[in-house]
Amino acid sequence: MVLKKIGTPLEWAELADPQPGPGEIRVKVAACGVCHTDLHVVDGELPNPKVPIIPGHEIVGRIDLLGVGVNELKMGERVGIPWLGHTCGVCPYCLERRENLCDRPLFTGFTRDGGFATKVVTDAHFAFPLGETGSDVSLAPLLCAGLIGWRSLVIAGSGKKTGLYGFGAAAHIVAQVAKWQGRPVFAFTRPGDLSTQAFARSLGAIWAGGSNEMPPEQLDAAIIFATVGELVPLALKAVRKGGRVVCAGIHMSDIPGFSYQLLWEERQLLSVANLTRQDGIDFLRLAPEMGIVTKTTRYPLNQANQALADLRAGRFEGAAVLVP
Ligand SMILES: [Zn+2]
Ligand SMILES: [Zn+2]
């Protein structure tokens with residue numbers, strides 16, 4: 001499913017199978033999650049887009065061809081392919097082990113073809129072995145929603161009481177991670193979205209309410225997954241002195257002006273960008289132990305536009321996953 005022009009629906013196309021170059025692998029896609037970032041790609045909200053492009057960066061599949069020089073992975077092995085598709089290895093950020101900020105990265109499904117396809121070629125160093133536990137569909141959302149959620153939770157610090165603003169694919173995984181870590185979760189949804197609030201409680205949130213409400217206790221940290229800038233001052237208001245507010249999205253509407261009082265007393269406002277391979281290794285190693293259960297809605301690959309429309313409209317809980 002190809003995005004040929006920004007702002008238009010994806011188009012079904014029959015293409016030749018891609019061939020892996022040196023250091024690359026080809027993966028037969030078994031499942032690919034649909035992420036909010038895919039909407040930003042289609043809408044042209046990210047800088048320097050590449051078109052035509054095959055979106056999709058929550059890929060689970062099996063290796064069906066190894067490029068020259070790939071020794072660490074085997075034919076038939078199940079792997080996961082995330083958003084970060086390549087880093088340069090020599091820029092200042094790569095050298096200080098912050099490859100998520102690399103100056104010359106490639107991103108799966110944005111600047112290199114992704115997983116809304118039957119086959120995908122990727123840099124072997126950016127494919128995570130997934131083992132054989134869990135179904136392809138259930139694992140797919142871990143590759144971005146789970147990973148970005150994990151990184152956000154790490155950056156939120158060691159505080160316990162954690163607010164999650166926007167309870168979609170990422171938050172529904174993070175809520176389970178936080179519960180496993182013994183952190184009480186406070187879930188914020190669109191005002192009046194009682195069914196999502198009930199969904200959050202079913203995943204262990206000790207409180208759920210509208211984003212216009214204040215939680216019953218001050219929070220140690222808040223993570224904003226929704227793409228709504230108005231949430232930033234609300235989240236700052238909800239955290240205690242020294243608390244952190246982490247913006248986890250790749251794109252957000254403008255943040256309205258707010259009183260310095262909301263930031264005063266060493267509150268911190270941070271953003272999370274991309275992931276490092278170490279995040280993937282850390283999170284995917286712990287995921288089976290944490291007993292994460294993803295809630296997924298399946299769509300056939302040729303229904304990718306419907307999946308994107310349903311994501312935009314908030315028509316399902318958890319995550320959408322395309323199956324070729
Ligand atoms: Zn770099
Ligand atoms: Zn994503």
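The values are calculated or read from the model by the stated rules, or taken from the named source; none is laboratory data. As the structure is a prediction and not an experimental result, all values here were calculated from the model. Don't worry about glycine lacking a Cβ; one is built from the backbone with ideal geometry, like all the others, and counts go over all protein chains shown. Side chains included, ligands, DNA and RNA excluded: accessible areas come from the protein's heavy atoms. Shrake-Rupley method; radii C 1.70, N 1.55, O 1.52, S 1.80 Å.
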Legend entry - Residue, farthest from ligand 2 (Cβ to nearest atom), within region 71-95, restricted to residues that are in contact with a Gly (Cβ under 9 Å, 6 or more places away or on another chain) and closer than 21 Å to Arg112 by Cα: Arg78
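Could you tell me how many of the residues in region 4-22 are touching a helix residue (DSSP H, G or I) at 6+ places or on another chain (Cβ under 6 Å) and open to solvent by less than 40 Å² (accessible area, probe 1.4 Å)? Can you show your working first?
Residues of region 4-22 touching a helix residue (DSSP H, G or I) at 6+ places or on another chain (Cβ under 6 Å): 9-10, 12.
Cutting the leftovers down to open to solvent by less than 40 Å² (accessible area, probe 1.4 Å) gives us 10.
Residues meeting the conditions: 1.
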Inset, instruction - Restrict the check to region 270-284 and report whether at least one residue is touching a Gly at 6+ places or on another chain (Cβ under 8 Å) and open to solvent by 20 Å² or more (accessible area, probe 1.4 Å). - result: yes
Legend entry - Scan of region 23-44 for residues that are within 16 Å of ligand 2 (Cβ to nearest atom), over 16 Å from Val321 (Cβ atoms) and surrounded by 16 or more Cβ atoms within 10 Å (Cβ to Cβ), ordered by number: His40, Val41, Val42
Legend entry - Pair list, Cβ under 6 Å, 6 or more apart: region 50-63 residue on the phi > 0 side of the Ramachandran plot, other residue open to solvent by less than 10 Å² (accessible area, probe 1.4 Å) and in a loop (DSSP other than H, G, I, E, B): Gly56/Gly109; Gly56/Gly114; Gly56/Gly115; Gly56/Phe116
Inset, instruction - Tell me which of these Lys74 doesn't satisfy, since it passes every other one: (1) at pLDDT below 95; (2) open to solvent by 60 Å² or more (accessible area, probe 1.4 Å). - result: (1)
Inset, instruction - With respect to Asn100, determine if the residue is at pLDDT 95 or above, closer than 26 Å to Leu311 by Cβ and not hydrophobic (A, V, I, L, M, F, W, C). - result: yes
